[in-house]
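Student: Dropping a structure here in structure tokens format, bear with me for questions.
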Amino acid sequence: MTRSAPLPAPGLPLIPRGQPLVGVDVGGTKVAAIVADADGQPLGRAVRSMAGRPAAIEPIVDAMRAALQAAQVGTSSPAAIGVGVPGRVDVGAGVVRHATNLDWFDVPLGRYLAEEFGAPCTVENDVRLAAAGLLDHVAADGARSLAYVAVGTGIGAGLVLDGRLHRGERGMAGEIGHVIVEPDGVVCPCGQRGCLETVA
């Protein structure tokens, strides 16, 4: 059995007017935060380093606070927070189950940020979020399925099948960076030998 999730229809009025939105992109070397209004217009941005800080959540909080300050939105809580992270994510629980490049195991990131900022927080795999966003741009041409491949600190893919975000039975769909391509290759941080990320 595979798991997929319907994508939200664009333009739904789900966000309270006057409250900012915060989006966060967590990578293996840096975290970027952006604050936008209810129409999606950027208000403020901030970037912080994640290098040399395995399992650290503090740079994420710092980037979010800096972006909110740059947006000059005062002390009001965000309407909602969305976070993209590399690795396997339990979306329903808001828990990052395993992110190799961050050295994270079972990190309750969604709950932590929701409590820290007083706003609902959704956590999803970063490349899946990119795939969902890309579909919004190509849907006008009739596309309902696509694969998006991202190459950065790691390598991953996001799949949208017939208009639904595809996660796989264990949330591992698209984790192509840890497909073994050289069985006798170097040891990957994930513990396997010869993963695609070690040779690409």
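Read-outs: derived from the displayed coordinates by stated rules, not from any lab. Given the structure is predicted, the values throughout are model-derived calculations rather than measurements.
Student: Assuming 0.36 nm per residue, please report the length gained on full extension of the stretch Asp103 to Ile180 beyond their Cα-Cα distance.
Tutor: Extending this stretch completely gives an extra 25.7 nm.
Student: Report, in deg cm²/dmol and to the nearest 500, the calculated mean residue ellipticity at 222 nm for the chain, where each DSSP H run with n ≥ 4 adds -39500 (n - 2.57) and the sum is divided by the residue count.
Tutor: About -6000 deg cm²/dmol.
Student: For a quick check: with amide H placed at 1.01 Å from N, whose amide H comes under 5 Å from Gly156's, ignoring anything fewer than 5 positions away on the same chain?
Tutor: Long-range HN contacts for Gly156: Ala150.
Student: Sticking with this one: Under 5 Å between amide H atoms, partner at least 5 residues away or on a different chain: which partners does His98 have, H built in plane at 1.01 Å?
Tutor: Here the answer is Arg88, Asp106, since their amide H atoms fall under 5 Å of that of His98.
Student: Next question. What is the stretch 99-145 by shape, rounded, prolate or oblate, if you read a ≥ b ≥ c off the alpha carbon gyration tensor as root eigenvalues and call it rounded for a/c under 1.5, prolate for a/b larger than b/c, and oblate otherwise?
Tutor: Oblate, since a/c reaches 1.5 and b/c is not below a/b.
Student: Which of rounded, prolate or oblate describes the stretch 56-99 when judged by the alpha-carbon gyration tensor and an a/c cut-off of 1.5?
Tutor: prolate
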